[in-house]
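The values are calculated or read from the model by the stated rules, or taken from the named source; none is laboratory data. Every value quoted in this text rests on a predicted model; they were computed, and no experiment measured them. Please note: Cβ atoms are built from the backbone with ideal geometry, for glycine as well, and neighbour counts cover all protein chains shown. These area figures cover heavy atoms from the full protein model, side chains too; ligands, DNA and RNA do not enter into them. Shrake-Rupley method; radii C 1.70, N 1.55, O 1.52, S 1.80 Å.
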Amino acid sequence: MARPRNFNEEDVLRKAMTLFWSKGFESTSLNDLLQATGLSKSSLYETFGSKHELFLRAFQLYKKDRMDGFTECLSQPNAYLAISTAFQTVLDGKGNQMGCMTANEAIELAPHDPKLQEMVESDFHEIEQVFLATIERGKQNGSLCTGTESRKLARFLTVSLQGINVMIRAKAHRDVMEDTVSVILEKLNERK
């Protein structure tokens, strides 16, 4: 008979997520994981199967948390203010020195890990969809006055967001990113 677990699985996933987010998959050792989570080697493998499987589950948790916050941020009626707030939140947000785990792993693992590449692509698509819905709402209620086609603008915002996340991870000067956000916001009210 299996022994009952003496740990909270979500708590372990959150600790692993923070570690992977800060160090990356390759630089995170098994010992790092055991120390951060408090698990024994056997408990980690019995529960999660492998370091890779633990990583994928931790990444899924990251995506869910981030998407929940992102969707909430973009839900305010004024689309211009919602998008402005979303970008400002990225600049000011929790863990901003670490950038975005999705952007980080898109660079580190996605080129040679088909499962992760699929998850990263899905995440980018979900971000694009939330931006698209916000843009459409803004065009309908007059809070955005752009002549740019909505899907193209949503893709521009998605790529810009990920670029800013990479810059954050690279410790770029804040004024560079603030200038970039100001140009992004100008684009939101640009008539063709």
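Structure summary
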| quantity | calculated |
| --- | --- |
| Selected residue (only one of Gln88, Gln76, Gln97 is farther than 30 Å from Glu136 by Cα and open to solvent by 30 Å² or more (accessible area, probe 1.4 Å)) | Gln97 |
| Hey, Phe70 among the hydrophobic types (A, V, I, L, M, F, W, C) and closer than 25 Å to Leu161 by Cα or not | yes |
| Unique match (being in contact with a Leu (Cβ under 9 Å, 6 or more places away or on another chain) and under 17 Å from Cys73 (Cα atoms)) among Val120, Val90 | Val90 |
| Single residue of Asp123, Asp113 found to be crowded, with 19+ Cβ neighbours inside 10 Å and either within 19 Å of the chain's Cα centre (by Cα) or of a type in the set (A, V, I, L, M, F, W, C) (or both) | Asp123 |
| Residue among Lys63, Lys139 that alone is in contact with an Asp or Glu (Cβ under 8 Å, 6 or more places away or on another chain) and not polar (S, T, N, Q) | Lys63 |
| Any hit, region 77-88, residues being over 27 Å from His173 (Cα atoms), over 17 Å from the mean Cα position of the chain (by Cα) and free of Cβ contacts under 8 Å to residues at least 40 places away in the same chain | no |
| Positions within region 96-131 being in contact (Cβ under 8 Å) with a residue 60 or more places away in the chain and in contact with a Ser or Thr (Cβ under 7 Å, 6 or more places away or on another chain), in sequence order | Met98, Asp123, Ile127, Val130 |
| Selection from region 42-70 of residues that are buried (at least 16 other Cβ atoms within 10 Å of the Cβ) and among the polar types (S, T, N, Q) | Ser43, Thr47 |
| Of the criteria (1) modelled with pLDDT of 90 or more; (2) in a helix (DSSP H, G or I); (3) more than 21 Å from the chain's Cα centre (by Cα), which one Lys187 fails | (1) |
| Helices (runs of 4 or more DSSP H) wholly inside region 87-177 containing at least 3 residues that are among the aliphatic types (A, V, I, L, M) and at pLDDT 95 or above | 114-141, 150-169 |
| Filtered residues of region 132-174 (kept if under 20 Å from Cys100 (Cβ atoms), without any contact (Cβ under 8 Å) to a residue 12 or more places away in the chain and open to solvent by 80 Å² or more (accessible area, probe 1.4 Å)) | Val159, His173 |
| Selected residue (criterion: least open to solvent (accessible area, probe 1.4 Å)) from residues of region 18-35 that are part of a helix (DSSP H, G or I) and farther than 12 Å from Glu105 by Cα | Leu33 |
